[in-house]
Amino acid sequence: MAEATEASVRADVRAWLEANWNPDQGLVEWRNKLIDSGWGVPSWPKAWFGRELPMALEMVVEEEMQRAKAVGVAKTGIRRLAAATLLVHGNDDQKRRFLRRSLTGEDTWCQLFSEPGSGSDLAGAMTRAVFKGNRWVINGQKVWTTSAHHADFGLLLARTDWDVPKHQGLSYFVLDIRQPGVEVRPLKQMNGHASFNQVFFTDAEVPPENQVGEVGRGWVVATTTLMHERRGADGIGRWGQSSGGAGRVYDEERAENATVMEPYKWYPQRAGRVDLVVTRAKETGRFDDPVVRQEIAKLLCLSRAAEWTARRARAAQMQGKPQGPEGSLGKLVSSHVARAAARVHTLISGADAMLSGEDAPMGGLIAEILVSVPAGSIAGGTDEIQRNIISERVLGMPKEPRTDNDRPFRDVPKNLVV
């Protein structure tokens, strides 16, 4: 079989779209057709809906999809993380049950990682999973869980062994969110949205076939999820956006975004909205202020450098390299850009930047940016965590002294009662 080239892939996908793309199809019907063709996730294995193309050629497929204004498979948000994790660590049964429905958007997901006493120190998770009879029984609490209020399944990290060091006592599960024993309580954010939730487990159950990887090896699986999350941090400004256009498939995509993607609609503001800075400066007459112009120039330079960092990460992915610490570089720089953008927006708008409502700058959008930006330095691992990863895994610096990595987790001091 001849090796695929950019020209051949572009021609093949263009021909397939011309023969099959119809905006009057149903969204799930179209996505199933796209998945069966292999063009939905072309870099995936052929056994799992792909064509085993290099990542560089996947970008060619995306370009042709955009040219045709065709809707892609459901890959945004936690669904992307679930599919990427199960593709690497799931067994064949789990891939059969979950991958297709994640790509069609029929199943929605949340990430059950952070806890009140173990946010940045994720390995300190205390939610318990105890095997009783023929089921894992889950008790505990998670917090800052995006989309739990409408998710079908959750990626759960829970402690299965208290008598080994903390990283060795964790296991990874797919948990049915809609079962008895799972209570979801929304958390109201200071920007007015309610994307996050607290999730309480009281004797919730997970069948053994939903355990991902080996017992006690959950940290390895969770690391895959986190690396994909951090590598995708540069794209959060585009989450929740529809393809546009007229037709049934577009209408259903907009309806999906109004529900499944609704928790992410403030993510562009969380990223700082660098795209609005020059326009705002011109509209307010601040563009001719030399101090403002200098700060805008600094921001645009930083933003462009961040874009190049993201391209480096994508280039590594295109070369087939595994998810690595470069995701932490992108995650860290994205929070720096967001904070710099918030400062520039404040410089441009002055005290009016604090106003919300119809009379506020851009109908309160600038104020939403200011109160949303801090989330970028926390979600997906704090800036401090990213600096530790970069210093240890990229720069080769010695690790910070720890007293809890070689002791049984039961004996590690905690800020909660066990």
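The values are calculated or read from the model by the stated rules, or taken from the named source; none is laboratory data. Just so it is clear, the model here is predicted, and its values are computed rather than measured. Methodologically, a virtual Cβ is constructed for each residue, glycine included, from the backbone with ideal geometry; neighbour enumeration extends over all protein chains shown.
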If a residue must be outside any loop (DSSP other than H, G, I, E, B), of a type in the set (A, V, I, L, M) and without any contact (Cβ under 8 Å) to a residue 60 or more places away in the chain, how many such residues does region 100-135 contain?
1
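Out of the residues in region 19-44 that are assigned to a helix (DSSP H, G or I) and free of Cβ contacts under 8 Å to residues at least 40 places away in the same chain, state the one that is nearest to R80 (Cα to Cα).
Taking region 19-44 first, the residues assigned to a helix (DSSP H, G or I) are 19-20, 27-37.
Now restrict to residues that are free of Cβ contacts under 8 Å to residues at least 40 places away in the same chain: 19-20, 29, 33-34, 36-37.
Working: A19: 28, N20: 25, E29: 20, K33: 19, L34: 17, D36: 18, S37: 19 Å.
Only one residue tops the list, namely L34.
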Cβ-Cβ under 6 Å, sequence separation 6+ or interchain: first residue in region 45-66 and assigned to a helix (DSSP H, G or I), partner of a type in the set (D, E). Which pairs?
K46/E52; V60/E6
So L170 passes all but one of these: (1) surrounded by 24 or more Cβ atoms within 10 Å (Cβ to Cβ); (2) under 16 Å from D203 (Cβ atoms); (3) not hydroxyl-bearing (S, T, Y). Which condition number does it fail?
(2)
In region 1-32, what count of residues is obtained for those that are exposed (fewer than 11 other Cβ atoms within 10 Å of the Cβ), within 18 Å of E52 (Cα to Cα) and either among the hydrophobic types (A, V, I, L, M, F, W, C) or modelled with pLDDT of 95 or more (or both)?
3
Which of (1) at pLDDT 90 or above; (2) under 26 Å from W144 (Cβ atoms); (3) not β-branched (V, I, T) does R393 not meet, given it meets every other one?
(1)
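Here's the yes/no breakdown for (1) over 19 Å from G244 (Cα atoms); (2) of a type in the set (D, E, K, R); (3) buried (at least 19 other Cβ atoms within 10 Å of the Cβ):
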site	(1), (2), (3)
I35	yes, no, yes
L57	yes, no, yes
V60	yes, no, yes
E64	no, yes, yes
R80	yes, yes, yes
T85	yes, no, yes
R100	yes, yes, yes
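Listed here are the residues, each with its yes/no results for (1) within 17 Å of the chain's Cα centre (by Cα); (2) crowded, with 17+ Cβ neighbours inside 10 Å; (3) part of a strand (DSSP E or B).
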site	(1), (2), (3)
I138	no, yes, yes
S147	yes, yes, no
H150	yes, no, no
L157	yes, yes, yes
L175	no, yes, yes
